[in-house]
1. Restricting attention to segment 323-375, report how many residues are in a loop (DSSP other than H, G, I, E, B) and hydroxyl-bearing (Ser, Thr, Tyr).
2. I'd like to verify a number: residues in segment 230-246 that are surrounded by 12 or more Cβ atoms within 10 Å (Cβ to Cβ) and either at positive phi or among the polar types (S, T, N, Q) (or both), how many?
3. So Ile197 passes all but one of these: (1) crowded, with 16+ Cβ neighbours inside 10 Å; (2) in contact with an Asp or Glu (Cβ under 7 Å, 6 or more places away or on another chain); (3) at negative phi. Which condition number does it fail?
4. Report yes if Ser317 is more than 18 Å from Arg373 (Cβ to Cβ), of a type outside the set (Val, Ile, Thr) and part of a loop (DSSP other than H, G, I, E, B), otherwise no.
5. Would it be correct to say that Val184 is surrounded by fewer than 16 Cβ atoms within 10 Å (Cβ to Cβ), closer than 28 Å to Met382 by Cβ, at pLDDT below 90 and of a type in the set (Val, Ile, Thr)?
6. Return yes when Val301 is part of a strand (DSSP E or B), assigned by TED's automatic domain parsing to the domain that holds Ala250 and touching a residue at least 24 places away in the same chain (Cβ under 8 Å) and no when it is not.
7. Would you check which residues across segment 254-284 are buried (at least 18 other Cβ atoms within 10 Å of the Cβ) and touching a residue at least 40 places away in the same chain (Cβ under 8 Å) and list them?
8. Out of all the residues in segment 306-338, which are over 25 Å from Ser256 (Cα atoms), in contact (Cβ under 8 Å) with a residue 60 or more places away in the chain and not small (Gly, Ala, Ser)?
Amino acid sequence: MGRTAPGWYPDPSAAGTERWFDGDRWSQHTRPTALPASTQRLPLGVGAALPREDQPATPFAEVRPSVEEQPATYAPASSVRALPPVPLPPAAAVRSEHAAGPQRTGPTAQRTRARRPAPQRGLLSKPALWVGAAVLVVAVAGSAAALAGQGDDPAPPAVVARPSTAPTPVEEPPEDSTPDYIEVANSAVLELAALDIATVTAAAPSQSALATVALLEVGEPNPVAGYSSDAFGTRFADTDGNGCDTRNDALARSLSGVSFKPGTRDCVVMTGLLTDPYSGKDIAFERGPLSSGAVQVDHVVPLTDAWRHGAQSWDVSRREAFANDPLNVLVVDGTLNQQKGDGSASAWLPPAESFRCAYVARQVAVKYTYGLRVSAAEQAAMVAVLSTCPGEPLPTGSTLPPPRDPVVPAPVKPKPTPSPTPTPEAPPVAAEPAPPVTPAPAPTPTTRPVPEDCKVKGLYVRPTDGATNVYYVRGEEWNFKEVVADVCFDNRKEAEAAGFKRAWW
């Protein structure tokens, strides 16, 4: 006989109640008896036959309830209070007494037990008949009680309060709020639809990371065929000649509270504390095969990405310098480094939003310094991030682009000055009429000839300049003899009285 399958069975500790059995023990889930007593499934020992002597006793009969009867959730068996033992029916008790009586021993008893046929457990077996009779008696008694009480108003059944055995509600685990960093990066690219890359980069400060994005060559990536990490020379070589490789140099530079392996001249880092730039969390570092992976050295521009965007054409020495350049090396959380893989800015961004500008600026610096191309999606992602921090500078160690020509502002036209409101003019004052000019009397030419020794000579019209009525006095600064006079006066007063004016040449 097998074990009893999980299902609803009569509760041994509460009449009229069923309790869920989980296959090993009672659970704490109960429900009112929903099936007639004649069809209830009972655990072994309540109206069921006892096992044979040569079989181990099992506490429950082989019953397989339907799956839909099972409760949705139930507490484990270890959390259910202990239930009282299931009492045996009278027939089972009598049989137990016979079993406990004197036992025959010896070969005869063995032969008797050997010849005893196995008890039949069919529908007409004695235990089954006993169960059927008991059920019939209970049914007849119930029918008689119902008929006897038809004319009476039955009193309402007493409600007995029972302590709740409902299972303690289990809180659902909190929903994973870890962002999908690929979606975060792509969302930044989608927001670029409203940005004009040329306009945004042109407005950025000269030599800034955002302005440098416009100087990167845009092109589709080459196939990854032929790539190998060996193509980038010795992994973590000592390119600066200080006796320590790139990895230990980076750890010593990035960790706090560093301890070194004795005998390595403070070169091999054993322990330290990293403040991870990608997540902002503190991570303890301890060198060892099972612990070193928590802190890893990341190539900001992955080697695969560099191979596909121009490094295929480099020689080995240049590729080795690229792989060990402190500009392209960061000590970060190992899990995030594995998550990033070989993704560019269009595929992955660090979870710490406060570090994204510096992260993308470093990618721009590496690609500009080594002349690597970017894809159109990568350029768009770079602009989307750096447009939120247009003044982000390129990190130390990068090649700075030449300063951009200063932008000469367009001349500003002066605003027209409003003309003052005209003041009403005073009415003009009538000017007094000028006195009439009395024309000088025209000289009357004389008929006397002009003597050679004339003291005052007069000319009616001077031929040199057309002056009229001028006179000359003998003995002053002019050549008296060269003047051909028209009239002669005895003195100046006489000439002025005649309307002549004195000439000075």
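The values are calculated or read from the model by the stated rules, or taken from the named source; none is laboratory data. All of these numbers come straight from a predicted model, not from anything done at the bench. Here Cβ is always computed from backbone atoms with ideal geometry, including for glycine, and neighbour counts include all displayed protein chains.
1. Residues in segment 323-375 being in a loop (DSSP other than H, G, I, E, B) and hydroxyl-bearing (Ser, Thr, Tyr): 3 in total.
2. So the count comes out to 6.
3. With (1) crowded, with 16+ Cβ neighbours inside 10 Å; (2) in contact with an Asp or Glu (Cβ under 7 Å, 6 or more places away or on another chain); (3) at negative phi applied to Ile197, the lone miss is (2).
4. Working: more than 18 Å from Arg373 (Cβ to Cβ): yes; of a type outside the set (Val, Ile, Thr): yes; part of a loop (DSSP other than H, G, I, E, B): no.
In short, no.
5. Working: surrounded by fewer than 16 Cβ atoms within 10 Å (Cβ to Cβ): yes; closer than 28 Å to Met382 by Cβ: yes; at pLDDT below 90: yes; of a type in the set (Val, Ile, Thr): yes.
Here the answer is yes, as Val184 does meet what is asked.
6. Against the criterion (part of a strand (DSSP E or B), assigned by TED's automatic domain parsing to the domain that holds Ala250 and touching a residue at least 24 places away in the same chain (Cβ under 8 Å)), Val301 does not qualify.
7. The answer is Ser254, Leu255, Leu274, Asp276, Pro277, Tyr278, Ile283.
8. Kept after step one, since they are over 25 Å from Ser256 (Cα atoms), are these residues of segment 306-338: 306-322.
After this cut, where a residue has to be in contact (Cβ under 8 Å) with a residue 60 or more places away in the chain as well, the list is 306-312, 316-317, 319-322.
Answer for segment 306-338, where residues must be over 25 Å from Ser256 (Cα atoms), in contact (Cβ under 8 Å) with a residue 60 or more places away in the chain and not small (Gly, Ala, Ser): Trp307, Arg308, His309, Gln312, Val316, Arg319, Glu320, Phe322.
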